[in-house]
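The values are calculated or read from the model by the stated rules, or taken from the named source; none is laboratory data. Because the structure is predicted, anything quoted here is derived from the model rather than measured. Note that we place each Cβ from the backbone using ideal geometry, even for glycine, and neighbour counts take in every protein chain shown.
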Amino acid sequence: MDAASLKIALDTVWVLFTAFLVFFMNLGFAMVESGLCRAKNAVNILAKNFIVFAISTAAYWILGFGLMYGDGNALIGLKGLLFASGADNSPATGDAYTGVYSALSWTGVPFWAKFFFQLVFCGTAATIVSGAVAERIKFGSFLVFSIAICAVIYPVTGHWIWGGGWLASHGFFDFAGSTVVHSVGGWCALAGILLLGPRIGKYKADGKAKPIYGHNLALATLGVFVLWFGWFGFNPGSTMAANPDAIAHIAMTTNLAAAMAVLSATGMSWILQKKPDLTMILNGCLAGLVAITAPCAFVSVGASAVIGLIAGVLVVLAVFFFDKLKIDDPVGALSVHLANGVFGTLAVGLFANKTVAAKIGTDSEALSNGLFVDGTWTQLGVQALGVVSVAAYVLVAAFAIWGIIKVVMGLRVKKEEELAGLDIGEHGIEAYSGFQIFSNM
Amino acid sequence: MDAASLKIALDTVWVLFTAFLVFFMNLGFAMVESGLCRAKNAVNILAKNFIVFAISTAAYWILGFGLMYGDGNALIGLKGLLFASGADNSPATGDAYTGVYSALSWTGVPFWAKFFFQLVFCGTAATIVSGAVAERIKFGSFLVFSIAICAVIYPVTGHWIWGGGWLASHGFFDFAGSTVVHSVGGWCALAGILLLGPRIGKYKADGKAKPIYGHNLALATLGVFVLWFGWFGFNPGSTMAANPDAIAHIAMTTNLAAAMAVLSATGMSWILQKKPDLTMILNGCLAGLVAITAPCAFVSVGASAVIGLIAGVLVVLAVFFFDKLKIDDPVGALSVHLANGVFGTLAVGLFANKTVAAKIGTDSEALSNGLFVDGTWTQLGVQALGVVSVAAYVLVAAFAIWGIIKVVMGLRVKKEEELAGLDIGEHGIEAYSGFQIFSNM
Amino acid sequence: MDAASLKIALDTVWVLFTAFLVFFMNLGFAMVESGLCRAKNAVNILAKNFIVFAISTAAYWILGFGLMYGDGNALIGLKGLLFASGADNSPATGDAYTGVYSALSWTGVPFWAKFFFQLVFCGTAATIVSGAVAERIKFGSFLVFSIAICAVIYPVTGHWIWGGGWLASHGFFDFAGSTVVHSVGGWCALAGILLLGPRIGKYKADGKAKPIYGHNLALATLGVFVLWFGWFGFNPGSTMAANPDAIAHIAMTTNLAAAMAVLSATGMSWILQKKPDLTMILNGCLAGLVAITAPCAFVSVGASAVIGLIAGVLVVLAVFFFDKLKIDDPVGALSVHLANGVFGTLAVGLFANKTVAAKIGTDSEALSNGLFVDGTWTQLGVQALGVVSVAAYVLVAAFAIWGIIKVVMGLRVKKEEELAGLDIGEHGIEAYSGFQIFSNM
């Protein structure tokens, strides 16, 4: 076996290993989201978060992947659309590549490794929505929206940014998906929340928010640990090759941002709430991870610490902000994925450092130094353009699809079902048979 | 370091990495099985599923591995029987190999990597039994049976199929163990259930089954996610080498079958039970994974989707079928591992595609195209022969061993202990101290 | 790409992969420790075990790593102290290495991969303390101690043993950290326990210990499975290179010791407590893992089985021993990490086998055969010297730091808070909202 073949084999091992870690994040989301909701809705959330990856697999295979990575125009992919079945001679790369998915021709692994790695990212975007609309959405309605996000909404912006579309051409950078994955999921969640309205009893007559406590913080903590673990696939894996300098650096920036966000969120919670609230600590971690996702490969280790510190503050403020607006997000998905997805995307424009990127092999001619590195606004401008255009498109698309679902099949369960819990109403089964639970909590 | 040494190192990393994932499936089984049983028996199930891998390690090291992979005759291994201590110059392969475990000489990794990878598969077969006999079996009796399955029952059929025995010679193919692991575990479980009888109160006087609900569906969901994750070790790892085309393809077929089975099981449950039952969704996933285990390396991506769709339907029907026969299987182990282990094994005979296998490097002269690929029955016939002969041997062996245990030490706890729960009776400790639980549930 | 570059890439993949597994052990500790405590303190333990890795990351980055691995004298590192920012041309090795962290110049991976791998080990030492001081310590006081252990206590002994300090020079061997990580964590825990005193109600007037049951043995079991899984990163990863013979051998010895310890602990518990106690089975596993950590790369497979068997017996006896002394350790951290950390360290002196080590490439001129291998006491003497000197230093340092914290901010929560639970007192939130729980349990 020659060195070239060995490199393909090693890169494939790396891509699959990290893809498995990202797949595992589905467990993390399921545990965080069910743990932060009430026991009477646990089965429903678990069922949603479990089935959503199956739906992602089917929808992304049947259509989404082709739309995202098929050769096409600046807006969508047009070749090899269905069943990821276009011509492709991977693991050939560069000029040796012949096929219709040329936006992925830079990574030298077999086609199904590419597909699978991209699939687990699509699945993440879809699962983000679940927590935000929890405790009141109809099971069937959620499933239909999940098909739409995986088959259409996510792949289109994905094409713009990672599939050779117009934002890629403009020099927009999002290394592992602060925008592609997290803020897309966040905007879809926001649209859903606005059409669904808050849970019964969440906002009192005087406008104050009533805390609705999660039923199992051990599960929620478990979930965040799993997500932190999975993020070591998400970010370092997005190299799609075992480039030692890059993957070591990205593991470091990813972890440091998460750790610093935990500390700053804990501090903010201690100051604002008088006691360090575990749910804030946990969401702080996720905030740091989301924020470092776009810039992880372009910024220095020191910058990643600063990004994390900011993210941890931001997520705590965002939780209070959304509650002030009566936007009822049971698990804080908007504060984590939307607010920090946007911040992380902009952070590329603030902290990108071409010296660092060159050293670890992630530099590109199209990348400019960030505002805080050499005082130029170029990169920040492009990043802001990306944030705004993705927001506009995804909000329109998500409102349209949620709206159609609302008209055709309804979005929200009946009041009695919401009060009694969706577990019995939607699934005919309880999560904790035999335990004494106060279902009016 | 030369390329040949690097290949050995890379293959070893792959084999160990995937073996660790398969090891981790023990957690998955422990959580699924305890979650689907009642709180009063949770400690007992956890203890069984925890200790069973320790027993597997000891029993497979002391005897099982030699019996399975030692050079011998068509039925059992005879050389290097005890303590896996026969001569072996791994990682030498092919003609360069000298040693007594020549059935594994095709994979170029150090001996203990081979052993460890095989060990975690043995452990899986043993842990399957635990759920099926749960909530009524004596702890000690289960331990003794576990020794027997790991030291003798599993290694013998393993020798037939993977150890160079008679089924291997006849061209029987089971890539990652639908038969070797899952249906062997399933037949052992069936024998145990038949000798134990149903749990008190499961079948009413009029013959109808009374649902006995699991006490923690969050744990059950967690468990299935862990198993899905672990299966990316189970199937792609069974290459025992980092062959990029093969491992990427197998990751794809494995995941697609699981996803499709989730969707079809959800649909079947929705139709038959009026509401989508989470336990059916979860078992659907496992069914798809078990069914694709044998054919994952021999079938097209499209075929894997079909196999998954069938598996999801099959598992739901099997659950009702076994209940009709009053075969009380608390966690659905028979429907998952036995029914779909058999189906998956036959699926090789239905869908095997030599063009696909040749492309990814898993083809063999002895493999024929499946019935649905070129209309020939050859492969299906051999697969059926394997299913029947394994069933006959394992049922006889398992009945004999369970029978001896029943006579010598008894199989079932006392009625009062079963009603009060095995946690106090067998272990003197409760799973959820401080929680109000209705133990008659 | 040439073979040398490929080796760097492969080693980096291995180091990162195993580091991720060790990171994941934080989840294991969080679940074991919260599961073995009472529901009313679950949020507090989860918060401690979650935030402790964030603190470790910050403290080890800012100071700890430099103190441990910076070039310096026999006692501490002196160069490149702050922010791990000294000169370093990794992945260059041997004579090609130029930089200030020469104690790590033997491993050919990029600098941040080295740092991250070392960081997750530091995090483990810190998290061990959490369980031992649980259910009575102030949250803030624990955080301050965590900073001290990661920034100073752990790095100093780490420098002695792994950073080129005086114990390394004397031929002391601790492959993956029975002493460096586990007994250091254990001595810190012991000092904390002695200054804190037992939980209210733990020891009755007549001196007998009252059992205080854990609130969730499913979580505890989950945690130990995760730790067992993570240990496949801890021990095999400590090669910091993908050396096939070494990593396969170490995976085997690690697993076999764990399995044997499970079996011997189960037996001891069955004999002494009349019924096999799940918590003893679980702690048996951890004991075997801790004990094999130092010798895993230097002993035969057979010796690893013996080490495991002894560890399982030792942990059960240690639990009773510490209770006899009224040293109240809610989760058995001392019995696991201290007793078996010491035993594992001495086991190198008993079982080290230069023939085995030479075969797998872990031998060193400074290593002598163990007492049971060729009857010489040399290695055992050095190991004992290491145990005693680490004990002396860590106990003094830990008592000093715990003592200062006690004077300045207090160690223990108020009596009313301890009785009502630390979740409300320290965090203002319950772990299981909606569940009926008896908080006086």
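Every listed requirement among (1) closer than 24 Å to B:Ile51 by Cα; (2) in contact with a helix residue (DSSP H, G or I) (Cβ under 6 Å, 6 or more places away or on another chain); (3) in a loop (DSSP other than H, G, I, E, B) is met by B:Gly171 save one, (1).
Across segment B:340-354, a minimum of one residue is classified as crowded, with 24+ Cβ neighbours inside 10 Å, closer than 23 Å to B:Leu222 by Cα and away from chain A (no Cβ under 14 Å).
If you filter segment B:8-20 down to residues that are at the interface with another protein chain (Cβ under 7 Å from one of its Cβ atoms) and out of contact with any Ser or Thr (no Cβ under 9 Å at 6 or more places or on another chain), you find that the one that is surrounded by the fewest Cβ atoms within 10 Å (Cβ to Cβ) is B:Ile8. Out of all the residues in segment A:236-259, is one or more more than 10 Å from chain C (Cβ to nearest Cβ), part of a helix (DSSP H, G or I) and without any contact (Cβ under 8 Å) to a residue 12 or more places away in the chain? Within segment A:236-259, not a single residue is more than 10 Å from chain C (Cβ to nearest Cβ), part of a helix (DSSP H, G or I) and without any contact (Cβ under 8 Å) to a residue 12 or more places away in the chain. The residue pairs whose first member lies in segment B:306-324 and is assigned to a helix (DSSP H, G or I), whose second member is modelled with pLDDT under 95, and whose beta carbons are closer than 6 Å, counting only pairs six or more residues apart or on different chains, are B:Asp323/B:Ala209.
The condition of being not in a helix (DSSP H, G or I) and not hydroxyl-bearing (Ser, Thr, Tyr) does not hold for C:Ala400. Residues in segment B:207-222 that are on the phi < 0 side of the Ramachandran plot, more than 8 Å from chain A (Cβ to nearest Cβ) and out of contact with any Ser or Thr (no Cβ under 8 Å at 6 or more places or on another chain): 5 in all. Scanning for something at the interface with another protein chain (Cβ under 7 Å from one of its Cβ atoms), within 17 Å of the chain's Cα centre (by Cα), under 30 Å from B:Val413 (Cβ atoms) and among the aromatic types (Phe, Trp, Tyr), does segment B:57-79 turn up at least one residue? For segment B:57-79, residues at the interface with another protein chain (Cβ under 7 Å from one of its Cβ atoms), within 17 Å of the chain's Cα centre (by Cα), under 30 Å from B:Val413 (Cβ atoms) and among the aromatic types (Phe, Trp, Tyr): absent. Determine whether segment B:267-274 contains at least one residue that is out of contact with any strand residue (DSSP E or B) (no Cβ under 8 Å at 6 or more places or on another chain), of a type in the set (Phe, Trp, Tyr) and under 28 Å from C:Leu219 (Cβ atoms). Checked against the condition, which is being out of contact with any strand residue (DSSP E or B) (no Cβ under 8 Å at 6 or more places or on another chain), of a type in the set (Phe, Trp, Tyr) and under 28 Å from C:Leu219 (Cβ atoms), segment B:267-274 yields no hits at all.
The condition of being modelled with pLDDT of 95 or more and under 30 Å from A:Leu217 (Cβ atoms) holds for only one of C:Asn216, C:Asn243, C:Asn235, C:Asn255, that being C:Asn216. Among the residues of segment A:95-139, the ones that are on the phi < 0 side of the Ramachandran plot and outside any loop (DSSP other than H, G, I, E, B) come to 29 in all.
Here the condition is being within 14 Å of chain A (Cβ to nearest Cβ) and surrounded by fewer than 24 Cβ atoms within 10 Å (Cβ to Cβ); of C:Gly108, C:Gly171, it holds for C:Gly108 alone. Can you name the residue in segment B:418-428 that is out of contact with any Phe, Trp or Tyr (no Cβ under 7 Å at 6 or more places or on another chain) and at the interface with chain C (Cβ under 7 Å from one of its Cβ atoms) and, of all such residues, is nearest to B:Val43 (Cα to Cα)? Only one residue tops the list, namely B:His427. Annotation note: of B:Ala303, B:Ala291, B:Ala265, B:Ala297, the sole residue that is within 13 Å of chain A (Cβ to nearest Cβ) and within 19 Å of the chain's Cα centre (by Cα) is B:Ala297. Residues in segment B:420-435 that are in a helix (DSSP H, G or I) and charged (D, E, K, R): B:Asp423, B:Glu426. Within segment B:22-39, at least one residue is at the interface with chain C (Cβ under 10 Å from one of its Cβ atoms), over 30 Å from C:Phe20 (Cα atoms) and of a type outside the set (Val, Ile, Thr). The residues of segment C:388-417 that are within 14 Å of chain A (Cβ to nearest Cβ) and without any contact (Cβ under 8 Å) to a residue 60 or more places away in the chain amount to a single one, C:Glu417. Against the numbered list (1) within 27 Å of A:Val224 (Cα to Cα); (2) without any contact (Cβ under 8 Å) to a residue 12 or more places away in the chain, A:Ala125 comes up short only at (2).
From the list A:Ser56, A:Ser5, the lone residue that is touching a residue at least 12 places away in the same chain (Cβ under 8 Å) and of a type in the set (Gly, Ala, Ser) is A:Ser56.
Among the residues of segment C:187-205, not a single one is within 14 Å of chain B (Cβ to nearest Cβ), of a type outside the set (Asp, Glu), farther than 30 Å from B:Gln436 by Cα and not in a loop (DSSP other than H, G, I, E, B).
Return the pairs, sorted by first residue and then second, in which the second residue is assigned to a helix (DSSP H, G or I), the first residue lies in segment B:185-206 and is more than 21 Å from B:Val396 (Cα to Cα), the beta carbons are less than 8 Å apart, and the residues are 6+ apart or on different chains. Final answer for the pair search is B:Arg199/B:Glu418; B:Ile200/B:Lys415; B:Ile200/B:Glu418; B:Ile200/B:Leu419. For segment B:208-235, give me each residue that is buried (at least 24 other Cβ atoms within 10 Å of the Cβ) and part of a loop (DSSP other than H, G, I, E, B). Selection gives B:Gly214, B:His215, B:Asn216.
All told, A:Phe399 falls short of being crowded, with 22+ Cβ neighbours inside 10 Å, farther than 30 Å from C:Phe435 by Cα and of a type in the set (Phe, Trp, Tyr). Being over 25 Å from C:Ile153 (Cα atoms) and of a type outside the set (D, E, K, R) holds for only one residue in C:Gly386, C:Gly375, C:Gly403, and it is C:Gly375. With respect to being surrounded by fewer than 24 Cβ atoms within 10 Å (Cβ to Cβ) and within 12 Å of another protein chain (Cβ to nearest Cβ), A:Leu82 fits the description.
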